[in-house]
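Taking it in order: structure first as structure tokens, then the write-up.
The values are calculated or read from the model by the stated rules, or taken from the named source; none is laboratory data. Quantities reported herein were computed from a predicted structural model and do not represent experimental measurements. Here the Cβ positions follow ideal geometry from the backbone for every residue, glycine too, while neighbour counts run over all protein chains shown. The protein model used for the area step is the full one, side chains on, heavy atoms only, and it has no ligands, DNA or RNA in it. Shrake-Rupley method; radii C 1.70, N 1.55, O 1.52, S 1.80 Å.
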Amino acid sequence: MTKKLKPSTLCVRGGWKPKNGEPVEPPIVQSTTFKYDNSEEMAMLFDLKKEGYFYTRLQNPTLDAVAAKIAALEGGVGAMLTSSGQAANFYAVLNICSAGDHIVASNEIYGGTFNLFGVTMKKMGIDCTFVNPELPEEEIGKAFRPNTKALFGETISNPGCRVLDIEKFARIAHRHGVPLIVDNTFATPVNCRPFEWGCDIVTHSTTKYMDGHATQVGGVVVDSGNFDWAAHADRFPGLTTPDDSYHGLVYTTAFGKLGYTTKLVAQLMRDLGSIPSPQNAFLLNLGLETLHLRMRQHCANAQRIAEFLHGDPRVAWVRYCGLDDDPCHDLARKYLPGGSCGVIAFGLKGTRETAIRWMDSLELINIATHVADSRSCVLHPASHTHRQLSDEQLRAAGIAPDLIRLSVGIEDADDLLDDIRQALDRL
């Protein structure tokens, strides 16, 4: 079949085409190693002159099938699964950066990624400048340096729920000769495909909506194949000059549009080894098969709850791009016309303690360090994930001290609203 399949069909059938008598689900190939009849075949695999499997840290049939499905969903040329979303963002940047390099990132990103870029990678010699994504293009452009290698943002920010102007960020990145990397975890490729708006590399925490059932931790890096590394060869020597660990192989020359993905696997995964288990990839695939159905319910439920919170006098503010008066509503209509996600950010009138009392009064919704799950869950970042930050530092990271992150699941919306109301009534 040559027809381009819709995302709903790809969720179910992408990445795996069983032959006669083969299983309809990608099998769990729970083996570390693969046997060959002669030494020459193995040698060609190690030299990247032949495709095949020899060690699961580099390639595994189960992982490859799921990675191919996600690449198809995003419209990319290749993808690599990782052991977590943090690993995916780390690898996406490290694949084109080394000590002495620099990246620019939106300050409206997940706290773990903020720390990864601002603290941990800085210790490795890779510096990061954080920018307000709402600044004019010329102001954001001032953050770039001669050694800048990438621009990074999130489609829908965690936990602030702001929508990224992807086309604007793509223009800025390409004007400075670097790729745009977008974390598309919250929107998923069901609701937004950043490559269609100029993005070059997409990452996901597959732990979230793609899995949807809190059964596995994972991540993925997807390459569009669109960024011309060779046109900026001096800026990206890791891709455009010989790799001594592979007898002088040049990734862009040997693999063309797959150069970036091949280097991810053959160099970074080989040396750092943050792979998911085949069992986890199998569980992820089960989640992907219903992603298109679940996202509809997440969005429908979240819209109802956001509208309720918006109209309740005990609520100080609500951020959900589906609301007509949300600052990101116009961007959502452009990039997310079919719906955004199930995550709402809001604040209650009162103090930090008001938020804690409300959460402690919930009977159905879970207090959990998780988000984008089939079960509704709630978190107060200032008291939990970001508790090490002062109010000033929270605001610098785009997080209001009173912000409550409500991840709306796929339960019945009336039951969720009843729980939210009774907890508000106890304040």
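Things worth noting here:
- For region 337-366, filtered to residues that are in contact with a helix residue (DSSP H, G or I) (Cβ under 6 Å, 6 or more places away or on another chain) and assigned to a strand (DSSP E or B), the residue that is nearest to Ile410 (Cα to Cα) is Ile344.
- Pairs where the first residue, in region 186-211, is touching a residue at least 12 places away in the same chain (Cβ under 8 Å) and the second is basic (Lys, Arg) and open to solvent by 20 Å² or more (accessible area, probe 1.4 Å), C-beta under 8 Å, 6+ apart: Phe186/Lys208; Gly198/Arg171
- Among the residues examined, Gly225 qualifies as under 25 Å from the mean Cα position of the chain (by Cα) and on the phi > 0 side of the Ramachandran plot.
- Checking each residue in region 333-358 for being more than 20 Å from the chain's Cα centre (by Cα), surrounded by 13 or more Cβ atoms within 10 Å (Cβ to Cβ) and polar (S, T, N, Q) picks out only Thr354.
- Selection over region 51-74 of residues that are assigned to a loop (DSSP other than H, G, I, E, B) and open to solvent by 10 Å² or more (accessible area, probe 1.4 Å) gives a count of 8.
- Taken together, Asp415, Asp330 contain a single residue that is open to solvent by 10 Å² or more (accessible area, probe 1.4 Å), closer than 28 Å to Thr129 by Cβ and part of a helix (DSSP H, G or I), which is Asp330.
- Just one of the listed residues (Asn191, Asn158) is modelled with pLDDT under 95, open to solvent by 10 Å² or more (accessible area, probe 1.4 Å) and either under 24 Å from Pro327 (Cβ atoms) or of a type in the set (A, V, I, L, M) (or both), and it is Asn158.
- Scanning region 284-296 for residues that are buried (at least 18 other Cβ atoms within 10 Å of the Cβ) and either polar (S, T, N, Q) or out of contact with any helix residue (DSSP H, G or I) (no Cβ under 7 Å at 6 or more places or on another chain) (or both) yields a total of 3.
- Cβ pairs under 6 Å, 6+ apart, first in region 170-183 and touching a residue at least 60 places away in the same chain (Cβ under 8 Å), second among the polar types (S, T, N, Q) and buried (at least 21 other Cβ atoms within 10 Å of the Cβ): Asp183/Thr203
- In region 368-386 there is no residue matching the filter, namely being assigned to a helix (DSSP H, G or I) and either open to solvent by 10 Å² or more (accessible area, probe 1.4 Å) or within 21 Å of Cys192 (Cα to Cα) (or both).
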